[in-house]
Amino acid sequence: MQEIAVVTATRAEYGLLRPVVRALRASGAFRVSLLVTGAHLSEAYGETVREIERDDMPIAARIPILSGDDTPRGVSGTMANALNGFAAYFEAHRPDALLVLGDRYEILAVCCAAMNARIPIFHLHGGETTQGAVDEAIRHSITKMSLLHFTSNEQHRRRVIQLGEQPDRVFNVGAPGVENALHVPLLSKEALAESVGLPLQKPYAVVTFHPVTLEDEPPERQLFELFAAMDAFDLEYIITKANADAGGLAINRAVDDYAAKRDNVAAFDSLGLVRYLSAVKYCAFVAGNSSSGILEAPSFGVPTVNIGDRQKGRMQAESVLQCAPARADIARAFAQALTPAFQNKAAHAVNPYGDGDTSGKIVAILQRVFSGPLDLKKTFYDIDFTV
């Protein structure tokens with residue numbers, strides 16, 4: 001039986017990997033080693049390893065890597081810790097493959113350690129573009145290290161092939177976030193209200209704002225523009241805090257201060273998968289710059305107000321409104337999202353990220369792949385093009 005190591009460093013990443021891990025285990029064809037690291041193990045980011053424990057997910061190893069500093073130097077220190085920590089793990093425990101998702105700097109370092117240990121890497125969510133964040137370069141770097149690719153739609157599959165990957169190793173399986181949105185049992189609105197400590201008797205929005213890592217201004221500036229727009233509406237707000245990116249701690253301090261002064265706002269390090277998806281299901285709209293507004297929210301027929309450039313370049317459903325990170329523009333987008341016409345448009349929008357069977361497709365592909373030996377040697381796939 002082949003062993004597949006799966007790495008998770010953040011709450012969002014774990015939520016997306018969760019159905020895939022469960023499907024791999026349920027197949028009986030694979031032994032899954034869940035490696036927990038990064039923000040999961042940090043009290044400053046909500047110690048979200050407890051969510052994994054509540055899911056009864058066996059954890060093979062906990063590998064602490066955070067430097068405790070979210071400056072650029074601190075992020076590099078975290079990457080160095082990840083490279084050393086996972087190199088030691090892979091020396092002592094050699095899985096048959098490493099499964100990773102996305103575009104985070106910790107995962108890039110983990111993949112470097114796996115590459116040096118000659119462990120094949122399987123990558124989810126390659127081929128996507130996010131022009132406002134360093135994640136763009138990290139994602140494509142992980143693609144070039146990886147042996148197999150599981151993309152979220154056909155456009156992204158073609159883009160991975162354009163990067164020189166062999167077409168027979170690139171699979172369009174859809175996004176696991178859509179699978180969660182369509183299949184995870186959710187709370188009632190009454191249970192959600194009790195859980196988050198807000199009445200939710202009037203329209204509310206779910207807000208998540210992360211640092212925009214390729215811009216020079218302080219990360220809080222755009223956040224304060226968002227707060228000013230939020231104050232202009234008679235709504236309730238459920239805020240989930242930023243991940244462990246450069247500038248994330250400053251954003252989280254500002255969120256805590258904002259929420260403490262307002263009775264209509266509740267802020268959380270992490271809602272967990274079920275509470276978060278439940279909150280999205282009943283909300284008037286999702287706002288901020290998180291990928292969840294692009295990937296999951298359209299499956300609920302809920303509008304998204306996507307702020308700034310952090311998600312720029314991602315394929316988007318018709319339920320997504322783009323706006324600049326300025327209070328007047330954000331407020332105009334909020335007002336449009338609340339109109340009956342746009343609410344109806346969002347309710348009928350088609351999510352371009354798959355049909356909700358991502359994990360089943362991945363398991364079937366891996367069973368075929370492991371029916372014979374894996375060849376780690378890669379040849380560059382050239383395509384004909386005209387500049």
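The values are calculated or read from the model by the stated rules, or taken from the named source; none is laboratory data. In this text, all values refer to a predicted model and were calculated from it rather than measured experimentally. Ideal geometry is used to build each Cβ from the backbone, glycine not excepted, and the neighbour counts take in all protein chains shown. The area values use the complete protein model at the heavy-atom level, side chains included, leaving out ligands, DNA and RNA. Shrake-Rupley method; radii C 1.70, N 1.55, O 1.52, S 1.80 Å.
Inverting the mean 1/r over all pairs of different Cα atoms, compute the Kirkwood radius of region 233-326 and quote it in Å.
Working: mean 1/r = 0.0710 Å⁻¹.
It works out to 14.1 Å.
The residues neighbouring Gly356, those whose beta-carbon lies less than 13 Å from its own, together hold a net charge of -3 under the Lys/Arg +1, Asp/Glu -1 convention. The HN-Hα couplings worked out from phi for region 134-143 by the Karplus form 6.51 cos²θ - 1.76 cosθ + 1.60 (θ = phi - 60°) are 5, 3, 3, 5, 5, 4, 5, 5, 5, 4 Hz, whole numbers, x standing for Gly and Pro. Note on region 233-387: with charges restricted to the Cβ of Lys and Arg (+1) and Asp and Glu (-1), its dipole about the Cα centre is near 80 debye.
Near Leu187, within a Cβ-to-Cβ distance under 14 Å, what is the net charge of the other residues, with Lys and Arg +1 and Asp and Glu -1?
Working: positive: Lys189, Arg275, Lys281; negative: Glu190, Glu194.
After counting each charged neighbour, the total is +1.
Couplings for region 73-81, taken from phi via the Karplus curve 6.51 cos²θ - 1.76 cosθ + 1.60 with θ = phi - 60°, read 5, x, 4, 5, x, 4, 4, 5, 4 Hz in order; Gly and Pro are left as x. Ranked by the mean number of other Cβ atoms within 10 Å of their residues, highest first, the peptides 101-111, 13-23 fall in the order 101-111, 13-23. Computed log10 I(q)/I(0) for region 135-260 at 0.17, 0.19 Å⁻¹: -1.03, -1.08, from the Debye equation with unit scatterers placed on every C-alpha and solvent omitted. Any idea of the accessible area per residue across the chain, 1.4 Å probe, to the nearest Å²? Averaged over the residues of the chain, the accessible area is 41 Å². Look at the alpha carbon pairs under 8 Å that are at least 6 residues apart: their mean separation over the length of the chain gives a relative contact order of 17 percent. Straight-line cross-link reach from Lys144 at under 24 Å between alpha-carbon atoms covers these lysines, not counting any fewer than eight positions away in the same chain: Lys312, Lys361, Lys377, Lys378.
Close amide H contacts of Val320 (hydrogens built in the peptide plane, cut-off under 5 Å, sequence separation of 5 or more or a different chain): Thr304. The packing ranking of peptides 374-385, 218-229, 343-354, highest mean first, is 218-229, 343-354, 374-385, where packing means the average number of other beta carbon atoms within 10 angstrom of each residue.
Rg then Dmax, both in Å and based on the Cα atoms of region 238-387: 19.7, 60. Over all distinct Cα-Cα pairs of region 21-116, the Kirkwood formula returns a hydrodynamic radius of 14.2 Å. Phi angles across region 161-168 convert, under the Karplus curve 6.51 cos²θ - 1.76 cosθ + 1.60 with θ = phi - 60°, into 3J(HN,Hα) values of 4, 4, 6, x, 8, 5, x, 7 Hz, Gly and Pro given as x.
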